[in-house]
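Peer 1: I'd like to ask some things about the structure below.
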Amino acid sequence: MATDHEVRTMLTGRARALPVVPLLLAALMGLPIAWLGWSALLAIGGSNGLGANMLPTALRETGLLMVSVGLLTGGVGLVAAWLVTHYEFPLRRVFDWALVLPLAVPTYLAAYAYVEVLDFTGPLQSALRAVNGATTLRDYWFPDIKSQWGAALVLSSVLYPYVYVACRAFFLMQSTSLNIAARTLGAGGMRTFFTVTLPTSRPALVVGVTLAMMEVVNDLGAVQYFGINAITAIIYSTWINRSDFGGAAQLAVTVVLVIGLLIVAEQRARRDRVYMTRRDSRIPPAREPLRAGRRWAAVGFCLLLLGLGFGIPVGQLAYLAFRVMLPETIAMTLNALVPTVTLAAAGAIITVVVGLVAAKLAHRSGNTARGAIRLATLGYAIPGTVLALGLLQPLGQADLWFNRMTMALWEWRPGLILSGSMAALLYVYSIRFLAVSHSTIDAAMKKRGDSILDAGRVLGERGMGLLFKIDLPTLAPALLSAATLVFVEIVKELPATLLLRPLGVETLATLVYSRANVGLFAQAALPALFIVLAGLIPVILATRLGDRRKV
């Protein structure tokens, strides 16, 4: 029979083996989802449950929009990547990196800009009325951009780079022997594309389409502006307009399940479909020169994609921003710029520190700790609306408990410390973008290896000295890159900021949203242009890193 000392030794050993910090991190990052799940269960059968037709309508319209965007982004993204990697035509090198630029335009900004261009008072319809002499919309026909097809077209125009980047990387790493063999056997370019290129690129295509569809689920501003009853828009209106937290929680859990299915589908596609053959990635694949009309068709196709996804939105924003350059517009933009930069900088610092800790724990610990950290980084796949909704009640409850404690001890009530302050936003930002910082830092740590740290220990460095003299300096580029990416993501983030911002605080994203929703998008063009300029930063960084890898 074990003695008391042996029992204490076994319990201590098990406690030490338990990855407490990774599990605590996973619990903190998973708090919103856990709270929503519990709230959704409590609301079943209650007065705050879902309406009879709310969920079916949300799923139908969201599913239709996802399928439409998936088909459009998959088609144009794959063709664009196939053209720039397999053929030589004028401006190909420019299109090679420029086709990524639409990623700098948030979906809600693209929606606002397109409506300004294609609406009744926009330049296109105004020119059409000037030509045919019409005075009202009854005198001529023009498609309504605020519709399901309009939303699918606009979202696809800025989301196709997800498919383009994934397929382009796949084609550059793929051996060209299969295509050469097909052409040798007499297959033409189109037949080779459909019988060889398309089947072998299926894993990359699925990855890109999945990412695009996840962005559709995450979107709030664009679907609301187009009048689409998407599930995120219904969650927002259910909570804000009807104060029905139980119904909103059930819808949010449905979103999590949809996202989970997309992630599982993407992982199965990568696991079960591996068609890549080995090739020296430093040698670009052979490109066939296009001749006659085909070369100009390729140029026209790439120009069309670039114009739809980047030219029209940014051009309209720049036109409106410089046309409505009033002192009050500049003052309004600067007032929103200060909290935006403050939140983005603080959120980037916190998220990078947490990402560094998570990467170091995953690097040193076992499978249990790595699994917990992987769960903690899943917040990036969850829409900001869902995360914000899941934090509203627990943070409010924490404020209530804290105020009761201070009243009992010091008869002092501090008010809303967590749910009504910047702390709530910083918390949701760290959950939402932890995957961005963790993946960047973890990749850098694996690339660096441990030999340089071992050398530092041999030379007598330990603890904080090893951290600040060797560890952090060698990871500095990755830390800076992760901070930059998180900073830009926070600047563009709309749903979570819209739900959790303190009273009186306006960021660039919420300012654009509030002005556009009341028909004053011209006043919001300048802050919208700032958001796009911020979004160009990661695109430029990615392009420069890609150019360095080619050298």
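Peer 1: Under 8 Å for C-alpha pairs, at least 6 residues apart: give me the relative contact order for the chain, rounded to a whole percent.
Peer 2: It rounds to 23 percent for the chain.
Peer 1: Here is a follow-up. Mind checking the full-extension length gain between Val324 and Glu288? Use 0.36 nm per residue of separation minus the Cα-Cα distance, one decimal, nm.
Peer 2: 8.2 nm
Peer 1: Which whole-number percent is the relative contact order of region 325-438 (Cα, under 8 Å, 6+ apart)?
Peer 2: Worked out over region 325-438, it gives 42 percent.
Peer 1: Rank these for me by crowding, Ile540, Ile33, going from fewest to most other beta carbons within 10 Å.
Peer 2: Ranked by crowding around the Cβ, least crowded first: Ile540, Ile33.
Peer 1: Would you work out which of Phe95, Gly63, Val518 lies farthest towards the positive end of the dipole of the chain, given +1 charges on the beta-carbon of Lys and Arg and -1 on that of Asp and Glu, about the Cα centre?
Peer 2: It is Phe95.
Peer 1: Please give the peptides 256-264, 218-226 ranked by average Cβ packing (other Cβ atoms within 10 Å per residue), highest first, as a rough proxy for protection.
Peer 2: Ranked from most to least packed, the peptides come out as 218-226, 256-264.
Peer 1: Toward the positive end of the charge dipole of the chain, about the Cα centre and with charges on Cβ (Lys, Arg +1; Asp, Glu -1), which of Ala233, Gly465, Ile490 goes farthest?
Peer 2: Gly465
Peer 1: Return Thr195, Thr238 ranked ascending by Cβ neighbour count within 10 Å, so the fewest neighbours appear first.
Peer 2: Ordered by Cβ neighbours within 10 Å, fewest first: Thr195, Thr238.
Peer 1: Out of residues 5 or more away from Glu88 or on other chains, whose amide H comes under 5 Å of its own, with H placed 1.01 Å from N in the peptide plane?
Peer 2: Answer set, sorted by chain and number: Glu288, Leu290.
Peer 1: Can you list the HN-Hα couplings for region 312-320, worked out from phi with the Karplus curve (6.51, -1.76, 1.60; θ = phi - 60°), rounded to whole Hz and with x for Gly and Pro?
Peer 2: Working through the residues one at a time gives 5, x, 5, x, 5, 5, 5, 4, 5 Hz.
Peer 1: Can you give the direction-averaged projected area of the convex hull of the alpha-carbon atoms in region 127-166, in nm²?
Peer 2: Mean projected area for region 127-166: 4.0 nm², to one decimal.
Peer 1: Give me a comma-separated list of calculated 3J(HN,Hα) values for region 440-453, in order, Karplus coefficients 6.51, -1.76, 1.60 applied at θ = phi - 60°, integers in Hz, x for any Gly or Pro.
Peer 2: 5, 6, 5, 5, 5, 5, 5, 5, 6, x, 9, 4, 5, 6
Peer 1: Next question, about the same structure. Which one of Leu326, Ala528, Ile350 is farthest out on the positive end of the charge dipole of region 324-551, using unit charges on Cβ (Lys, Arg +1; Asp, Glu -1) and the Cα centre as origin?
Peer 2: Ile350
Peer 1: Which residues make up the longest stretch of the chain that has no trypsin sites (Lys or Arg not before Pro) in a DSSP loop with at most 10 other Cβ atoms within 10 Å?
Peer 2: 1-277
Peer 1: Using the number of other C-beta atoms within 10 angstrom as an exposure proxy, rank His86, His438, His363 with the fewest first.
Peer 2: His363, His86, His438
Peer 1: Compute the Cα gyration tensor for region 324-551, then decide on rounded, prolate or oblate, letting a ≥ b ≥ c be the square roots of its eigenvalues: rounded whenever a/c is under 1.5, prolate when a/b is larger than b/c in the other cases, and oblate in all that remain.
Peer 2: In terms of gyration-tensor shape, oblate.
Peer 1: Mind checking the dipole of region 324-551: about its Cα centre, +1 per Lys or Arg Cβ, -1 per Asp or Glu Cβ, Debye to the nearest 20?
Peer 2: Value, rounded to 20: 760 debye.
Peer 1: In the set (i) 28.9; (ii) 30.9; (iii) 25.9, which value of Kirkwood radius over Cα pairs in Å was calculated from the structure you see?
Peer 2: The value computed from this structure is option (iii).
Peer 1: Provide the per-residue ³J(HN,Hα) series for region 232-238, in order, calculated from phi with Karplus coefficients 6.51, -1.76, 1.60 and θ = phi - 60°, each as a whole number of Hz, with x at glycine and proline positions.
Peer 2: Result, ordered by residue: 5, 5, 5, 4, 4, 5, 5 Hz.
Peer 1: Right, here's the next one. Dipole of the chain, Cα-centred, from +1 at each Lys and Arg C-beta and -1 at each Asp and Glu C-beta, to the nearest 20 debye?
Peer 2: Computed charge dipole of the chain: roughly 1820 debye.
Just so you know, all these numbers are worked out from the coordinates, no wet-lab data involved. Please read these numbers as outputs of a predicted model, since none were measured by experiment. Here Cβ is always computed from backbone atoms with ideal geometry, including for glycine, and neighbour counts include all displayed protein chains.
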